[in-house]
Amino acid sequence: MRNNGKFIVAGLMVIAAVTYLIVSSTGSSAHYFLTVEELCAMGDEAIARPVTISGVVLGDTLVYDPSKPQVLFAIAQVPADPEEVAQAGGISAVLQAAMDDPDAPRLDVVYDDVKPDLLDGGVQAIIRGRLAQDGRFYADEILLKCPSRYQEGVPGQAEDS
């Protein structure tokens, strides 16, 4: 009986350790996307906190300095709710509407690295980094959704066949 008690205690300790590791790692590695509006609403709480945001790249704001290298651009608010995107006519329509809306919440982004090939106006960007005191978002990583995925219909090569 005494041996069984040791095994039970050891088993409970293993379960507790595994549970602790799962809970502690999930909190630090769980990323969800904030919209530009949500990030701005956080105010000073967002400053220097690592976050992931999503928005559409505004092409007329894109400036690349290869001598540093540094990329400066702005993103505009894109809805995060899939139902809202669907009701607005799909992701292409939502991205275009965000670019055309001068009142859409916007955020200036600084990326101190080489300009990604797909970084261009009208592309949805998912950006990880930190908001600074100066109100600009300093990106550590930029992920871009491929623009060809927004195009509707059959690709040109298939239509010619």
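At full extension, Val14 and Glu83 could sit 20.6 nm farther apart than now, given 0.36 nm per residue minus the alpha carbon distance. Shape summary: the stretch 52-112 maps onto an equivalent ellipsoid whose semi-axes, from the alpha-carbon gyration tensor, are 26, 11, 9 Å in decreasing order. Computed from label points 7 Å out along Cα-Cβ, the spacing between Arg128 and Gln70 is 2.4 nm. The alpha carbons of the stretch 33-149 give a radius of gyration and a Dmax of 13.6, 44 Å, in that order. Cβ crowding within 10 Å ranks Tyr20, Tyr64 as Tyr20, Tyr64, fewest other Cβ atoms first.
Just so you know, all these numbers are worked out from the coordinates, no wet-lab data involved. Predicted model only: the values in this text are computed from it and were never measured. Methodologically, a virtual Cβ is constructed for each residue, glycine included, from the backbone with ideal geometry; neighbour enumeration extends over all protein chains shown.
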